[in-house]
Amino acid sequence: MIRMATQTHFSLFHRFLHWTIAVAIFLALFTAFLHYGWMNGRAISSTLTAALAEKNITLSSDDARGIARKISRPMFQWHFYAGYVLTALLFLRFLDFFTKGRKFASPLSKEANSKQKLQSWLYILFYLALTIVLVMGLLLKFGPHNDLHEIFETIHIYCGYFIGIFVILHIIGIWLGENAEDKGIVSKMINGKE
Ligand code: HEM
Ligand code: HEM
């Protein structure tokens, strides 16, 4: 059982992991957003085909998709880089958990109040979703292209969306905490001091 570390101090390693995980997650979500929207392969190829048709230039759908992939791949490469970095950081986070203990209350503990329990369940669900999104992502990238590929993709995308929702709830929660009983919690996560 991962023991509860004393809640007095965020170590330098804990803070390093928090902010590097946060930056890598922002990058993974931003590139996913671009892949879903503005730099979506289908969207680029149809814009290309329509724009060239206006100049009486016909482009086969294969050529259009090929060019679209050339345009979006350099951007989406950073989605994979963020994923590889997150895989290493998550491994370090679990190492930190098992050696130094967790920094949030157990959601099952009798002492924890309902806000702490909700916060802890959100953190546990976040780490679960992050583990699944990374395993599915690596399977998508390096795994066999078989019937399971579509299932991996669906699980990957929905866990990715959950992480997006977690980040929004987390920042709202931190903001509310800073304006109520957790004043100074953000600076504690930056400089570690009480
Ligand atoms: C993608 C963005 C972010 C992710 C994924 C994230 C994730 C987390 C996680 C999982 C924890 C629990 C700590 C632990 O693992 O032991 C945590 C705690 C915390 N985070 Fe974030 N965070 C993000 C962004 C931010 C931002 C932008 C802020 C400040 C403006 C922030 C401030 C904090 C603070 C103050 C805590 C400690 C909360 C407490 O112990 O009561 N986080 N964060
Ligand atoms: C090693 C890690 C990762 C790999 C190899 C990976 C791989 C991929 C691939 C191949 C796709 C495209 C699927 C398609 O063809 O539409 C994708 C989409 C997506 N990924 Fe990842 N990913 C990784 C990490 C992450 C992380 C950490 C997140 C979220 C925090 C995430 C969220 C998403 C989302 C939301 C989409 C859907 C984008 C869309 O709708 O077009 N991925 N990922």
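The values are calculated or read from the model by the stated rules, or taken from the named source; none is laboratory data. Given the structure is predicted, the values throughout are model-derived calculations rather than measurements. Cβ sites come from the backbone with ideal geometry, for glycine too, and all protein chains shown count toward neighbours. Side chains are part of the model used for accessible areas, which takes the heavy atoms of the whole protein and leaves out ligands, DNA and RNA. Shrake-Rupley method; radii C 1.70, N 1.55, O 1.52, S 1.80 Å.
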message = Can you give me the % of accessible surface on the stretch 104-194 that is carbon or sulfur? Probe 1.4 Å, all protein chains present, nothing else counted.
response = 70 percent
query = Gain in length, Ile168 to Tyr81, computed as 0.36 nm per residue apart minus the alpha-carbon separation, to one decimal in nm?
reply = 29.0 nm
task = Let me have the 222 nm mean residue ellipticity of the chain computed from DSSP H runs of 4+ only, each contributing -39500 (n - 2.57), with the sum over all residues rounded to the nearest 500.
result = -26500 deg cm²/dmol
key: Using a Förster distance of 45 Å, the FRET efficiency for Leu176-Asp62 (Cβ separation, nearest 0.05)   = 0.30
key: Within straight-line cross-link reach of Lys117, aspartates and glutamates at Cα separation under 20 Å, skipping those fewer than 8 residues along the same chain   = Glu178, Glu181, Asp182
key: Rounded, prolate or oblate (a/c below 1.5 giving rounded, otherwise prolate when a/b exceeds b/c) for the chain by Cα gyration tensor   = prolate
message = Could you work out how much longer the chain between Val23 and Tyr36 gets when fully extended? Use 0.36 nm per residue separation minus the Cα distance between them, nm to one decimal.
response = 2.7 nm
inquiry  = Cross-link candidates for Lys70: which aspartates and glutamates have Cα within less than 19 Å, leaving aside residues fewer than 8 places away along the same chain?
reply    = Asp62
query = What does the stretch 10-78 give for Rg and for Dmax, in Å, if only its C-alpha atoms count?
reply = 18.2, 63
ask   = Going down the list Lys115/Lys188; Lys100/Lys141; Lys141/Lys188, which pairs span over 26 Å between their C-alpha atoms?
value = Lys100/Lys141; Lys141/Lys188
message = Run through the stretch 97-183 and list the trypsin sites (Lys or Arg not before Pro) located in a DSSP loop whose Cβ has at most 15 other Cβ atoms within 10 Å.
response = Lys110, Lys183
query = What whole-number value in Å² describes the accessible area per residue of the chain for a 1.4 Å probe?
reply = 65 Å²
